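S.K.: Before I ask anything, here is the structure I am working with.
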Amino acid sequence: MFAKTLPAVTEITIKKLYSFPVIVIQFTKGKSDSITFVKSFNVLKKTAMIINEELVKEAVKKHGSSRAALIPVLQELVAGKNYLSDLDMVEVAREMNLSAADVYGTATFYSFLDTRPRGKYVIRVCKTISCSMKGKNSILATIEETLKIKLGETTADRKFSLLETNCIGWCHKAPAILINDEPYTELTPQKVTEVLREYIKNK
Ligand code: FES
């Protein structure tokens, strides 16, 4: 039910507004956040769980429930929700009949399966040998300087997160980064600055 009406939920958080607990549901494409007020913390928790259950069920239905489908299921959830919460991982374990430790271990092993909320654009700077030898450090320093964040951080407006990654398959055109799924290669400090300016200005 919820998956059909809220197809692009990126984050579900529980906050306090004055003395009321509230659930804040953020959407990828929505113009504004949708906020639902609830009086009971149990109702609030239940609401978040129902939404999560539906999203997980939909991902498992699409990819299957065998152990081999675990990574595609987790990728699907990250693509739709931006990151995997503890609640997601528990629900995936239940739906796929796996142990929570297995799901958690897999989710935290792969850097592409985010387990923390990220910005709209996730910048992944390749740290493997070819990129390291071709100036990855100066690319990273330029990004940090331009966005005023350090590695592992997200900008205050939640537009950019900056992470490192292992090889992304563009070694012959190092140094390389990914911004979400888009690769940028043969970078120089000047080139990466121009790329970032485009994102800041137009996206
Ligand atoms: S080493 Fe950076 S893309 Fe392969």
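Nothing in this text is a laboratory measurement; each read-out follows from the coordinates by a stated rule. From a predicted model like this one, the values you see are computed outputs, not experimental measurements. Cβ atoms come from the backbone with ideal geometry, glycine included; neighbour counts cover every protein chain shown.
S.K.: When a footprinting reagent is the concern and you count Cβ atoms within 10 Å, what order do MET96, MET133 take, fewest first?
M.R.: Lowest to highest Cβ neighbour count: MET133, MET96.
S.K.: Then there's this: Of the options VAL103, VAL56, LEU87, report the single residue whose Cα projects farthest towards the positive end of the charge dipole of segment 46-105 (beta-carbon charges: Lys, Arg +1; Asp, Glu -1).
M.R.: Result: VAL56, furthest along the dipole toward the positive end.
S.K.: Right, another one. If Lys and Arg each add +1 and Asp and Glu each add -1, what is the summed charge of the other residues whose beta carbon sits under 14 Å from the beta carbon of GLU95?
M.R.: Once all neighbours under 14 Å are counted, the net charge is -2.
S.K.: A further question on this structure: Only counting other Cβ atoms within 10 Å, I'd like TYR110, TYR83 sorted with the fewest neighbours first.
M.R.: Going from sparsest to densest Cβ surroundings: TYR110, TYR83.
S.K.: Count the net charge of all other residues whose Cβ sits under 11 Å from the Cβ of LEU74, scoring Lys and Arg as +1 and Asp and Glu as -1.
M.R.: Value of the local net charge: -2.
S.K.: In segment 136-172, which trypsin sites (Lys or Arg not before Pro) are in a loop and have at most 11 other Cβ atoms within 10 Å, using DSSP for the loop call?
M.R.: LYS148, LYS150
S.K.: Please state the shape class of segment 121-202: rounded when a/c is under 1.5, otherwise prolate if a/b exceeds b/c and oblate if not, all from the C-alpha gyration tensor.
M.R.: Prolate, because a/c is 1.5 or more and a/b exceeds b/c.
S.K.: For segment 112-203, run through the GluC sites (Glu not before Pro) and keep only the ones in DSSP coil with at most 15 other Cβ atoms within 10 Å of their Cβ.
M.R.: The qualifying sites are GLU153, GLU186.
S.K.: Follow-up. Using the Cβ atoms and a cut-off under 11 Å, what net charge is assigned to the surroundings of LYS136, where Lys and Arg are +1 and Asp and Glu are -1?
M.R.: Here the charged neighbours net out to +1.
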